[in-house]
1. Would you say P119 is open to solvent by less than 70 Å² (accessible area, probe 1.4 Å), at pLDDT 95 or above, closer than 16 Å to K19 by Cα and not small (G, A, S)?
2. Run down R65, R77 and say which single residue is surrounded by 14 or more Cβ atoms within 10 Å (Cβ to Cβ), of a type in the set (K, R) and free of Cβ contacts under 8 Å to residues at least 40 places away in the same chain.
3. Has the range 126-135 got any residue that is more than 23 Å from N53 (Cβ to Cβ) and in contact with a strand residue (DSSP E or B) (Cβ under 6 Å, 6 or more places away or on another chain)?
Amino acid sequence: MKPEPGVLWYVIGPSGAGKDSLLAYVRARLPASGRLVFAHRYITRPADAGGENHVALSLAEFEQREQSGCFALSWRRHGLAYGLGMEAALWLEQGLDVVVNGSRSALPLAARRFPGLRPIWIVASPAALAARLAGRGRESAEGVAQRLEDAAALTPPQGAAVLRNDGELAEAGERLLRLLSKDLGRPCP
């Protein structure tokens with residue numbers, strides 16, 4: 001008997017909202033034997049650029065994999081290419097729930113590809129966003145200003161769970177852990 005498909009938890013929000021930190025917090029606290037797995041992304045960004053644990057690819061490598069059908073989902077944003085590997089689709093088919101750091105711009109495509117997708121919108125105040133963006137040192141002052149302007153124009157997508165991340169990491173991390181854990185009572189496939 002084929003297991004019931006898993007759920008894709010699609011974590012999105014503006015740059016600096018703390019998505020990577022929250023996902024790392026939750027990942028470190030969930031039991032490894034559960035039904036929830038975290039997908040890494042394939043990104044045309046150096047491995048040592050900071051932030052999330054990802055597979056670093058050159059643009060040529062990325063495009064070769066994209067053309068070969070290695071990605072369940074791919075998109076471009078801020079001069080980089082991002083991909084979610086086909087392994088995530090396989091995990092969902094096997095009944096595992098998958099958490100991915102997604103992209104607002106790719107949400108419509110992701111929702112078509114994964115009909116049971118559940119978006120989680122991470123939000124933070126403009127002051128928190130500005131401090132985090134400046135602190136990570138990946139963008140120029142102009143780049144930070146542009147990202148803050150972009151963030152101000154954003155609204156959570158319909159049906160998204162909204163999680164505010166302005167205070168201590170543990171506070172929002174525990175809320176995200178509870179949200180992702182609520183369906184984990186289902187038996188493992």
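The values are calculated or read from the model by the stated rules, or taken from the named source; none is laboratory data. The structure presented is a predicted model; accordingly, all values stated were derived computationally and were not measured. Please note: Cβ atoms are built from the backbone with ideal geometry, for glycine as well, and neighbour counts cover all protein chains shown. Ligands, DNA and RNA are stripped out before the accessible areas are found, and what is left, the full protein with its side chains, is counted by its heavy atoms. Shrake-Rupley method; radii C 1.70, N 1.55, O 1.52, S 1.80 Å.
1. Numbers: open to solvent by less than 70 Å² (accessible area, probe 1.4 Å): yes; at pLDDT 95 or above: yes; closer than 16 Å to K19 by Cα: yes; not small (G, A, S): yes.
So P119 passes the test.
2. Details: R77 fails: surrounded by 14 or more Cβ atoms within 10 Å (Cβ to Cβ).
Of the residues listed, the single one that is surrounded by 14 or more Cβ atoms within 10 Å (Cβ to Cβ), of a type in the set (K, R) and free of Cβ contacts under 8 Å to residues at least 40 places away in the same chain is R65.
3. Taking every residue of the range 126-135 in turn, none turns out to be more than 23 Å from N53 (Cβ to Cβ) and in contact with a strand residue (DSSP E or B) (Cβ under 6 Å, 6 or more places away or on another chain).
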